[in-house]
Structures are given as C-alpha cells and as structure tokens.
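To start, the structure under review is shown below, and the notes come after it.
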C-alpha cells in the first residue's frame, strides 16, 4: 500500500494559493518549480510513490523535499548558494556593458568605428575597473541578446545597376561561367 504524503494535511488554503502563485511565475528556476509541484501534488492527495513516478525522483527525495517544505516553507525548497568565486559581472557592469555596446565608439572619443570583444573588454576595464576576458564578454553579450561576430563589408552599394545587368546578359549569352 502506498504511503500518503503527510505534508498534504499541513498545507493551508493560503499556503496552497502561495504555492500556485509561485508556479505561475515565468522566471522560476526549474528545480524550484519541480519541488513546488511536489508540494502541490501532495496537497492534492497524491502519495509518495505517485509523486516519485511522475517527477523521476526517488521516494526518499520526495520525502526530503516535502519535509523541508513543512519545516521552512517555500524558501526551504530553493537551492543553497553554490560555492565559488563571486561573479565579477554584477548589475552595474552589465548596465555599463549594455550602454557601451549600444554606443558607437567614435562618440566616446575612441579612434575606431566598430567594437570588437577585445576593444570592448579593454574599454570596460578602464571605465569600470573590472577586467573580463573577451571570450566571456561575448557570452555576456549573447545573454543580453546582442549579436556579435565579424562585420560583413560589402561593395554592392557601389555597383552600377546597368553595368551589372549588362554583365549578367553577356554571361547568359556565353552559357554560364564562360567557355573557351
């Protein structure tokens, strides 16, 4: 016989509304969403085995997260802070990056017309005091939905349309790319 989730009886109507409100958020981390769905399923009367089956987790894991929720609420379901060096690209740096990327270099008094990741990295290091490698800067730009890559220069705007049409007609007359 399957065990009933004991946390189901501990969920009040207000807590259930709070859990459902959190689940409607679009910016919710996937692991927290999964844990909140476990809590909601327990509130709806599903047992540990059913929750473990659809979540792909073990019964032990389901019990652990429901116990954490019962002891600490929604905040207890969040991931713990991960160890490691703190990020250098804080909100102020990202704002400076966005401003610089949207500003043409000559308007900032710089002697070039196009940003490269190396130039942008050096400029931001001088203005913000934070040095970030050009490769990581390209990743930050991609996160901010900026396109990066080599500029594609074209001479099409300098062509004479009549001359292009005449050359195309000659090429067609000789049968393609030319013959001997």
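The values are calculated or read from the model by the stated rules, or taken from the named source; none is laboratory data. Because the structure is predicted, anything quoted here is derived from the model rather than measured. Don't worry about glycine lacking a Cβ; one is built from the backbone with ideal geometry, like all the others, and counts go over all protein chains shown.
Points worth noting:
- 1 or more residues assigned by TED's automatic domain parsing to the domain that holds residue 127: qualifying helices (runs of 4 or more DSSP H) within the stretch 27-107: 91-102
- Odd one out for residue 79 among (1) in contact with a helix residue (DSSP H, G or I) (Cβ under 8 Å, 6 or more places away or on another chain); (2) more than 30 Å from residue 36 (Cβ to Cβ): (2)
- So residue 48, is it in contact with a helix residue (DSSP H, G or I) (Cβ under 7 Å, 6 or more places away or on another chain), surrounded by fewer than 13 Cβ atoms within 10 Å (Cβ to Cβ) and either in contact (Cβ under 8 Å) with a residue 40 or more places away in the chain or within 30 Å of residue 152 (Cβ to Cβ) (or both): no
- Considering 129, 135, the condition of being closer than 20 Å to residue 86 by Cβ and within 19 Å of the chain's Cα centre (by Cα) is satisfied by 135 alone.
- Test: residue in the stretch 125-136 that is under 23 Å from residue 30 (Cβ atoms) and modelled with pLDDT of 90 or more: no
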